[in-house]
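Structure first, then comments.
The values are calculated or read from the model by the stated rules, or taken from the named source; none is laboratory data. From a predicted model like this one, the values you see are computed outputs, not experimental measurements. All Cβ positions, glycine included, derive from the backbone under ideal geometry; neighbour counts span all protein chains shown.
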């Protein structure tokens, strides 16, 4: 029969390993509130709709998946995470001319009509 000390050691080791597994498997959050802030600054007239939509201006229901506009906007950014407001604004401007999922309309057309890009 194993000693009490061995059982305590085994339990501590198991708890440690379980904790390490949780820590290593945790995905890192990559929220980019400066993108939403830049969108609100540039397109203030949509701010009421954006308040309800927030991250889903660019994302599907799963925040890891971008929608059509999110792909267009994100494709204009040259780095993984951009904090430079001028670069973000430039990407927003470039995305305006790209075709939306609404036939015959660009993202800029939708925004100028007071609609969220889709």
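Some points to look at:
- Scan of region 41-64 for residues that are at pLDDT below 90, part of a loop (DSSP other than H, G, I, E, B) and under 10 Å from the mean Cα position of the chain (by Cα), ordered by number: 60, 62, 63, 64
- Conditions (1) surrounded by 10 or more Cβ atoms within 10 Å (Cβ to Cβ); (2) farther than 19 Å from residue 109 by Cβ; (3) modelled with pLDDT of 85 or more; number of the one not met by residue 68: (2)
- Of all the residues in region 52-83, those that are touching a helix residue (DSSP H, G or I) at 6+ places or on another chain (Cβ under 9 Å) and farther than 13 Å from residue 117 by Cα number 9.
- Single residue of 113, 118, 60, 96 found to be touching a residue at least 12 places away in the same chain (Cβ under 8 Å) and exposed (fewer than 14 other Cβ atoms within 10 Å of the Cβ): 118
- Set side by side, the residues 116, 36, 110 differ, and just one is at pLDDT 85 or above and in a loop (DSSP other than H, G, I, E, B), which is 116.
- Residue in region 18-28 that is surrounded by 10 or more Cβ atoms within 10 Å (Cβ to Cβ) and either within 18 Å of residue 95 (Cα to Cα) or at pLDDT 85 or above (or both) present: no
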